[in-house]
Amino acid sequence: MQINIELQPIGEGRELVAWLLASFVVTFVVTRVITRMIASGRGPFRDTTIGGVHIHHQVYGIFMMIGAGTAELTYQPEAPWVQVVAVVFGAGAALTLDEFALWLRLDDVYWAEEGRRSVDAVMIAVVIGILLLVGSNPFNDSDPGVGAPLVAVNIVVNLVFAAMAILKGRNIMGIIGVFVPVVALVGACRLARPRSYWARRWYKPGSRKRERAERRFPPGRRDRWDRIVDWLARPPERRHTSAHIEIGPPGLLHDTHRPVQDDTHRHDDHLHDGPRSDGPCDVGRDGGAERPAPSDDPARASGEG
């Protein structure tokens, strides 16, 4: 008995997916490294500001995706330009999804707890790219022995199971289940996370399923996925130096390298009650009464005139 394992070569479409996925991953890693250096005040990189407005890198990503998509649909280039388009589109998608939490909440939460959603979105996109690279297709109806209605029903049921898994907080299982139906079924049958939409909607307080979910997923519990996200999304440590860059809301660049002013004389000016005057009248320290300044005119000094 012989078992032959034949590896299918990567076709033209999957080759473009490989270029896109590689560009996506490399751009995301490089972007995270640069943003951490900027936030910690290390290295030569600085935030980009135009007219006092901080330009987020998702702006560049949006224009890159628009340009790549327009070039592909308009000119449909051949090799090697089609690979260039795939690389540009992948890099633009990485720059955009790296700030997914910002354009989802319309707030600068890149290093906040809500900013973890950006890393979640990027990781899910990588999983989808890998599945497309290996040739998974949730809408594959190439089997001539299966009718179109049965294929449509199979796809709809699988998508329902995948949606149930995602609503239960099983995001990765739901995404993979779109391409691998059995994974979606397993995710739909498993216990929901207590902070997921499914648990908030269907697990009543004090119910058995609610108690099981809270015991299974206690507060502070971190799985492998959470540890990866924590490593990528944790805020960087700032260097305590006299000259550093602070990124304040809403992300503007503030240069704190300014000379320290001596406020000793300014502080002494407020020790007396009355206002300070540099005019011809001197202000007294004993209640603020004004005394005429001495004059050099003998007639005015003697009261004549």
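The values are calculated or read from the model by the stated rules, or taken from the named source; none is laboratory data. Quick caveat: nothing in here was measured; it's all calculated off a predicted structure. Counting neighbours? That spans all protein chains shown, and the Cβs are built from the backbone with ideal geometry, glycine included. Just the protein is used for accessible areas: all its heavy atoms, side chains included, with ligands, DNA and RNA removed. Shrake-Rupley method; radii C 1.70, N 1.55, O 1.52, S 1.80 Å.
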Filter segment 182-206 down to the residues that are surrounded by fewer than 17 Cβ atoms within 10 Å (Cβ to Cβ) and not in a loop (DSSP other than H, G, I, E, B), then identify the one that is nearest to the chain's Cα centre (by Cα).
Tyr197
For helices (runs of 4 or more DSSP H) lying entirely in segment 56-168, having 2 or more residues that are under 16 Å from Arg14 (Cα atoms) picks out 81-97, 116-133
Positions within segment 37-51 being open to solvent by 50 Å² or more (accessible area, probe 1.4 Å) and not aromatic (Phe, Trp, Tyr), in sequence order
Met37, Arg42, Pro44, Arg46, Thr48, Thr49, Ile50, Gly51
Note down all Cβ pairs under 6 Å where the first residue falls in segment 62-88 and is surrounded by 17 or more Cβ atoms within 10 Å (Cβ to Cβ), the second is among the charged types (D, E, K, R), and they're at least six residues apart or on different chains.
Val85/Glu72
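Condition check ((1) closer than 24 Å to Leu102 by Cα; (2) of a type in the set (Lys, Arg); (3) modelled with pLDDT under 80) across all residues:
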residue: Ile155; (1), (2), (3): no, no, no
residue: Val160; (1), (2), (3): no, no, no
residue: Ala165; (1), (2), (3): no, no, no
residue: Val182; (1), (2), (3): no, no, no
residue: Cys189; (1), (2), (3): no, no, no
residue: Ala199; (1), (2), (3): no, no, no
residue: Trp225; (1), (2), (3): yes, no, yes
residue: Asp230; (1), (2), (3): yes, no, yes
residue: Thr241; (1), (2), (3): no, no, yes
Give the residue that is modelled with the lowest pLDDT, with candidates limited to residues of segment 93-131 that are surrounded by fewer than 17 Cβ atoms within 10 Å (Cβ to Cβ) and more than 29 Å from Ala18 (Cβ to Cβ).
Glu113
Starting from segment 39-58, take each residue that is more than 21 Å from Ala91 (Cβ to Cβ) and among the hydrophobic types (A, V, I, L, M, F, W, C) and list its partners that are open to solvent by less than 40 Å² (accessible area, probe 1.4 Å) and part of a strand (DSSP E or B), counting only C-beta distances under 9 angstrom and pairs at least six apart or across chains.
Ala39/Ile245
